[in-house]
Amino acid sequence: MQLKQMRLEPRIRVPFVLVILAPVVSIVASFVLCAGLVAWSGASIFEAYGLLLKGALGSGFALSETFARATPLIFTGLAAAVAFKSRFWNIGAEGQLYAGALIITVLGTGMLDLHPGLIIPILVITSAVAGALMLLGPVLLKIHFGVDEVVTTLLLNFIVLLLVSLLLEGPLKDPMGLGWPQAEPVTEAAELPRLFQGLRLHAGLLLALLFSFIMWIVSIRTTLGYEMRAVGFNQKAARFAGMPVKRVMIITALISGGIAGIAGFSEVAGMKGNLTLDLSPGFGYTGIVVAMLAQLHPLGVIISASFVASIFVGADAMSRSAGVPSYIADVMVSVSLLCMLVSVLLVRFRIRWG
Amino acid sequence: MNVVKRSEIDISEKKPASEVVLRLRGITKVFGSLVANNDISLELKSGEVLALLGENGAGKTTLMNILFGHYIADSGSIEVFGRPIQQGSPHAAIELGIGMVHQHFTLADNLSVLDNVMLGTEPLWWFSSNRRAGRLKLEQLGERFGLRVKPNARVAELSIGERQRVEILKALYRNAQILILDEPTAVLTPQETDTFFETLKKLVSGGLSLIFISHKMQEVLAISDRVAVLNEGRLVSELKTADASETELAQSMIGRSIELPERKTLKAGKPILKLKSITVMPEDGRSALSSVSLDICAREIVGIAGVSGNGQSTIADLITGLVEPRSGTLELHGEVVNNFSPRNMLQKKVGRIPEDRHSQGLIGDMTLAENSISECYQDPQFSSYGWQNKLNCQSFAENIVSKFDVRGYSPNSPVRLLSGGNMQKLILGRVLSGNPQLILANQPGRGLDVGAAAYVHEQLLAARENGAAILLISEDLEELLQIADRIAVIHRGRLSESYPRESISISQLGLLMTGQQKKSITNNHAIEADAS
């Protein structure tokens with residue numbers, strides 16, 4: 001008997017419909033695949049998913065919570081997307097986020113006493129600078145000594161987190177904090193305004209949308225974006241064509257780190273009010289998933305961050321009402337990423353049998 | 001071409017035409033919109049050398065990959081010794097006695113010859129391998145077919161010719177009865193080719209049947225009993241070599257007549273590029289250069305011949321600006337260049353046609369338009385205050401596309417969709433639109449069909465007429481002799497002096513390529529005078 005074999009053949013032209021369909025299908029597939037787990041935990045599948053959707057999108061409050069959760073994910077997802085597009089593997093958005101949060105805790109809790117219209121731009125810039133500086137070392141080490149940036153950026157996460165922990169137990173500890181390891185809250189002038197009365201959604205979202213849009217324009221309309229794409233697609237050819245590859249990589253790294261740093265500012269000044277050790281439940285790492293789901297597209301990041309956020313927020317609601325563990329959210333996001341990777345493959349290739 | 005005369009190696013008279021060992025029926029293979037093989041039927045008889053002739057891209061390699069099980073044909077069947085073969089499995093092909101020597105060797109450099117030969121022939125769950133028996137068999141095979149190799153030598157230490165011998169032994173070790181040789185002479189010097197043909201002769205008299213894939217006419221005429229010509233995926237003719245003529249084969253191979261580019265005699269102008277005893281250390285997998293000197297003048301094409309890996313790509317990298325010399329100087333227009341960077345070289349009006357279009361010349365995922373400006377994207381017409389001028393970029397690309405006849409796709413299509421010839425035209429357009437005074441053309445005709453290669457040569461000759469100095473690096477001696485004014489040969493990082501094209505033959509170039517001195521090989525007085 002002749003065994004049928006599966007082969008992948010590259011598509012000559014990729015239909016646009018498939019590009020749009022791929023993420024939708026992978027999201028649906030992740031719901032289907034996780035249905036078994038939901039059923040296993042004893043809940044009705046449709047009821048549980050209904051609760052999830054309602055918890056994520058069903059009310060003004062739910063939407064506010066979802067987009068408030070999406071805000072840092074847009075920043076970190078964008079940071080990863082920008083870097084990955086140039087083949088710079090920044091795994092350190094978590095650390096850069098904390099670095100941004102740390103610097104505005106130093107500056108924004110009373111050191112600078114300025115008008116909100118002045119202090120907020122200053123804090124945005126300083127948090128970006130802090131995040132960018134976090135990547136300067138890794139990118140220089142990579143360029144000059146070939147040190148793998150995956151290792152350096154990843155390890156810097158722990159260094160920063162431990163530094164924050166040290167400072168929160170020491171010099172930055174809030175004297176009014178009843179002994180909890182938390183910093184003083186930022187001043188009222190430094191706070192990002194709420195978008196709606198009584199809801200947690202804050203102006204950080206607008207900032208995130210603005211940066212996504214800016215990065216999109218930079219990518220397709222500017223000379224820098226052209227260089228960044230060229231270096232990402234084919235570094236050897238970019239070098240051959242006389243592009244300043246090293247400079248482009250440094251600039252890319254600084255932009256990426258800067259955007260992740262602003263996530264820290266947005267979370268402290270918009271969401272939590274002060275720096276704590278649980279400021280980020282892994283936003284930096286989830287940002288990588290967000291970027292991959294968006295296929296590294298700056299505007300796609302907005303959509304994929306909203307999706308991931310709605311799963312997390314919805315799963316919280318689901319676990320409260322239906323008793324399904326909220327860890328199902330992690331499984332769903334991971335499964336949807338795997339489905340996405342497969343569907344990206346299927347968009348670029350066609351399967352042939354025999 | 002300096003190859004063995006057919007009469008010396010012809011064995012077909014000694015053996016009566018005998019049984020068919022391999023039969024291909026109606027093989028068709030389609031890749032996307034490209035029909036690589038279109039209903040091909042072929043037979044190979046026992047003890048026969050069948051040459052498969054065709055241009056690059058005619059479908060020779062695809063057909064052989066189907067035969068050897070790398071691909072599965074969309075339709076058609078294969079019989080070996082009368083038994084149908086299971087397609088898509090190299091293992092099954094080997095079992096039935098088919099051996100393949102790939103164009104690019106598939107040897108592990110860090111293993112010994114014996115290890116390479118035995119690799120994969122023994123079950124993995126045995127505790128020890130039977131090396132003694134393996135060595136014995138290898139030595140016997142070497143004895144029988146005159147393929148002497150040292151079983152313990154590491155492959156990395158072997159010459160190209162020796163590596164090829166190991167590849168053949170690998171197939172023989174697996175009891176191959178049918179041997180497919182994919183462009184086996186591409187990496188050999190003319191002299192090595194002669195030795196190689198002696199080996200083929202021994203293989204045939206030892207009972208093997210051979211399929212010899214080539215696009216070199218003379219070699220095909222010299223070694224084969226029968227010729228099958230492929231053109232654009234079709235089998236266009238099949239005839240006895242004895243009945244074939246070179247012109248006839250060329251016609252059916254190309255399917256149209258190609259005129260050789262016209263070459264005017266020009267007087268060389270003042271020197272544009274001067275290399276003065278340049279030495280480059282071997283680094284990053286680059287081969288070294290030792291004390292290389294060369295002048296190229298305006299209105300002149302200087303060719304560098306050599307077997308690949310002898311330092312020619314380092315010369316290319318030097319002129320591209322990717323490598324800095326350890327010692328020696330490089331002068332452009334009489335000025336010493338101190339800043340070795342691609343950017344600086346471009347600013348000094350050096351145009352570069354790279355060896356590898358895919359990895360170096362173009363960015364496959366970017367569009368034709370974006371690729372067309374990749375060397376001048378910082379010019380004010382394409383970039384102002386950091387913004388890219390898409391309209392100018394578009395019209396620049398359209399200009400190149402129409403002027404250099406880049407076919408098939410719009411300026412907004414990704415470059416990876418282009419065929420090799422069209423990619424080369426795009427690069428050529430990009431290079432020539434910068435009005436370069438020095439052009440580095442590194443293997444410009446490699447992998448192109450005859451028509452596209454002729455076009456590239458024509459454009460280079462036109463640039464020469466317009467006053468450019470051109471450095472042509474090539475492994476194709478015919479290409480060099482066709483368009484170069486002077487030819488130098490590189491061997492182990494040393495560049496010979498250059499010889500006018502009229503005064504040197506392919507066989508002399510071949511000897512220089514193996515490192516022999518010009519004086520000792522020539523008896524041509526004109527060259528003696530020139531070389532001094």
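The values are calculated or read from the model by the stated rules, or taken from the named source; none is laboratory data. All of these numbers come straight from a predicted model, not from anything done at the bench. Glycine also receives a Cβ, built like all others from the backbone with ideal geometry; neighbour counts cover every protein chain displayed. Side chains included, ligands, DNA and RNA excluded: accessible areas come from the protein's heavy atoms. Shrake-Rupley method; radii C 1.70, N 1.55, O 1.52, S 1.80 Å.
Ellipsoid semi-axes for segment A:178-282, based on the Cα gyration tensor and the rule √(5λ), read 37, 17, 9 Å when sorted largest first. If you take all other residues with their beta carbon under 11 Å from the beta carbon of B:Leu179, and give Lys and Arg +1 and Asp and Glu -1, the sum is 0.
Segment B:Ser505..B:Thr329, full-extension length gain: 60.2 nm, with 0.36 nm per residue of separation and the alpha-carbon distance subtracted. Between A:Ser165 and A:Val17, the distance separating the two model label sites (each 7 Å from Cα on the Cα→Cβ line) works out to 5.3 nm. In a reduced charge model with +1 at each Lys and Arg Cβ and -1 at each Asp and Glu Cβ, chain B shows a dipole moment near 680 debye about its Cα centre. Only protein heavy atoms count here, probed at 1.4 Å, and on that basis chains B and A bury about 2900 Å² of accessible area in total. Taken as Cα centroids, segment A:118-178 and segment B:361-427 sit 41 Å apart, rounded to the nearest whole angstrom. As a fraction of the 1.4 Å probe accessible area of chain B, surface on carbon and sulfur atoms comes out at 48 percent.
Reported value for segment A:70-302: 119 Å³ per residue, from the convex hull of its C-alpha atoms. The simple Förster model, with R0 at 22 Å and r as the Cβ-Cβ distance, assigns B:Gln347 and A:Lys246 a FRET efficiency of 0.75.
Please find the FRET efficiency linking B:Gln191 to B:Lys390, where r is the Cβ-Cβ separation and R0 is fixed at 35 Å, and quote it to the nearest 0.05. FRET efficiency, B:Gln191 to B:Lys390: 0.05. Pairs with C-alpha atoms separated by more than 31 Å, drawn from the list B:Lys60/B:Lys202; B:Lys60/B:Lys348; B:Lys264/B:Lys348, are B:Lys60/B:Lys348.
Placing +1 on the Cβ of each Lys and Arg and -1 on the Cβ of each Asp and Glu in the protein assembly as shown, which of A:Phe283, A:Gln235, B:Val401 has its Cα farthest towards the positive end of the resulting dipole? My answer, from the dipole projection, is B:Val401.
In the protein assembly as shown, the alpha-carbon atoms span a convex hull of 215 Å³ per residue. Values of log10 I(q)/I(0) for chain B across q = 0.05 Å⁻¹ run -0.23, by the Debye formula with one identical scatterer at each alpha carbon and no solvent. In this simple spin-label approximation, B:Ser413 and A:Asp278 carry label points 7 Å from Cα along the Cα→Cβ vector, and these lie 5.7 nm apart. Averaging the sequence gap over all C-alpha pairs within less than 8 Å and six or more residues apart, then dividing by the number of residues, gives chain B a relative contact order of 15 percent.
Inter-chain Cβ neighbour count for B:379-386, averaged per residue, equals 2 (cutoff 10 Å, partner chain atoms only). For segment A:70-302, which whole percent of the accessible surface, found with a 1.4 angstrom probe, sits on carbon and sulfur atoms? Carbon plus sulfur share of accessible area: 70 percent.
Residues of segment A:227-242 that lose at least 10 Å² of accessible area (1.4 Å probe, protein heavy atoms only) when the other protein chains are present, relative to their chain alone, are A:Glu227, A:Arg229, A:Ala230, A:Phe233, A:Asn234, A:Lys236, A:Ala237, A:Arg239, A:Phe240, A:Ala241, A:Gly242.
Taking one equal scatterer on every alpha-carbon of segment A:74-212, how large is log10 of I(q)/I(0) by Debye at q = 0.13, 0.15, 0.22 1/Å? Relative scattering, expressed as log10 I(q)/I(0), comes to -0.66, -0.86, -1.36.
About its Cα centre, how strong a charge dipole does segment A:70-302 have in debye, to the nearest 20, once Lys and Arg get +1 and Asp and Glu get -1 at the Cβ?
That gives a dipole near 1020 debye.
Placing a pseudo-label 7 Å from each Cα along the Cα-to-Cβ vector at A:Leu346 and B:Ala108 gives an inter-label distance of 3.8 nm. A simple count of charges around B:Arg154, restricted to other residues whose Cβ falls under 12 Å of its Cβ and scoring Lys, Arg +1 and Asp, Glu -1, yields -2. Taking every Cα-Cα distance in segment B:107-174 and sorting them into 10 Å bins from zero, the calculated P(r) comes out as 22, 57, 19, 2 percent. Extension gain, A:Leu299 to A:Ser326, is 6.9 nm, computed as 0.36 nm per intervening residue step minus the present C-alpha separation. Here the relative contact order of segment B:107-174, from alpha carbon pairs under 8 Å that lie six or more residues apart, stands at 49 percent.
Axis angle, to the nearest 10 degrees, between helix B:160-173 and the longest C-alpha principal axis of chain B: 30 degrees.
Skip the ligands, DNA and RNA, and give the accessible area per residue of the protein assembly as shown with a 1.4 Å probe, whole Å².
On the way: 39340 Å² over 886 residues.
Result: 44 Å² of accessible area for each residue.
In percent, rounded to a whole number, the relative contact order of segment A:96-186 is 31, using alpha-carbon pairs under 8 Å and six or more apart. By the rule of a C-alpha distance below 16 Å, with chain neighbours fewer than 8 residues away ignored, the lysines paired with B:Lys45 are B:Lys14, B:Lys15, B:Lys201, B:Lys240. Between the listed residues B:Leu235, B:Leu52, B:Ile363, the Cα displaced farthest toward the positive end of the dipole of chain B, a dipole computed from Cβ unit charges relative to the Cα centre, is found at B:Ile363.
The residue among A:Val160, B:Pro90, A:Val301 whose Cα reaches farthest toward the positive pole of the charge dipole of the protein assembly as shown, with charges on the beta-carbon of Lys, Arg, Asp and Glu, is B:Pro90. Only protein heavy atoms count here; on that basis, with a 1.4 Å probe, B:Arg163 has an accessible area of about 50 Å².
Multiplying each eigenvalue of the alpha-carbon gyration tensor of segment B:81-239 by 5 and taking the square root yields semi-axes of 27, 20, 14 Å, largest first, rounded to whole angstroms.
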